[in-house]
Amino acid sequence: MAVDLAGALGDVFWDLPPWITYMPGSDIGCVIFVANPTDVVREYALMSYLSSEGAVISEESVTVFGHSWFKVDPGGFVRLHGAFRFENTNVTLTLSLIERESDEETDAVSTFLAQPAAPLWPQWPEGPGVQEPGILPDGGFMELLMIMITMGMVFRMARTPKEEEERKLLPAGRGE
């Protein structure tokens, strides 16, 4: 039994895996390909859906170069670079290809946006009024520099008496 993986009036696919770890509010960059397998010019639109447990949470039209509908030549394809941003996680992102003449979905692709795992160690508190831990307010580089300078001074002071002691123990030279 053969399985038809493509739509008869158009195909859509992208470079996203079946699931990704997604931090809400961040961009999901992707490349979307829309192919026209027919022998006539077709117009298409893209719709994005977020769903959870079968219920649609949001639905948006995806604009291409500022337009809802775009044309693809017969037997050709277009490559679209873009990004999505959502405030939800643990949802399925579906991108549907709508063919204009039939006004029906001809193909779709999906990716599950998984919630990031909890960090392995506690995070520093953030927010207004919370100061970063450390000696100096401008951060790690200056602290590291100050520690290195201090350690250099300590080592220099520790070596100095020993060198003077060694000089006193040296035998007298010819003229003495």
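The values are calculated or read from the model by the stated rules, or taken from the named source; none is laboratory data. Predicted model, so just to flag it, every value in this text is computed and none were measured. Glycine gets a Cβ as well: all are built from the backbone with ideal geometry, and neighbour counts include every protein chain shown. Keep in mind that these areas ignore ligands, DNA and RNA; they rest on the heavy atoms of the full protein, side chains included. Shrake-Rupley method; radii C 1.70, N 1.55, O 1.52, S 1.80 Å.
Okay, residues lined up against (1) of a type in the set (A, V, I, L, M); (2) assigned to a strand (DSSP E or B); (3) modelled with pLDDT of 90 or more:
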position: 46; (1), (2), (3): yes, yes, yes
position: 49; (1), (2), (3): no, yes, yes
position: 58; (1), (2), (3): no, yes, yes
position: 71; (1), (2), (3): no, yes, yes
position: 75; (1), (2), (3): no, no, yes
position: 80; (1), (2), (3): yes, yes, yes
position: 93; (1), (2), (3): yes, yes, yes
position: 98; (1), (2), (3): yes, yes, yes
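Applying the condition of being within 26 Å of residue 101 (Cβ to Cβ) and hydroxyl-bearing (Ser, Thr, Tyr) to the stretch 25-54 and asking which residue is surrounded by the most Cβ atoms within 10 Å (Cβ to Cβ) yields 44. Selection of first residues in the stretch 26-40 that are part of a strand (DSSP E or B) and of second residues that are among the acidic types (Asp, Glu) and open to solvent by less than 40 Å² (accessible area, probe 1.4 Å), restricted to Cβ pairs under 8 Å at least 6 apart or on distinct chains, gives the following pairs, ordered by first then second residue: 33/11; 34/11; 35/11.
Quick one: which residue in 81, 67 is open to solvent by 80 Å² or more (accessible area, probe 1.4 Å) and under 25 Å from the mean Cα position of the chain (by Cα)?
None of the others qualify; the one that does is 81.
Among the residues of the stretch 1-18, those identified as surrounded by 13 or more Cβ atoms within 10 Å (Cβ to Cβ) and either modelled with pLDDT under 90 or assigned to a strand (DSSP E or B) (or both) are 6, 7, 9, 11, 12, 13, 14.
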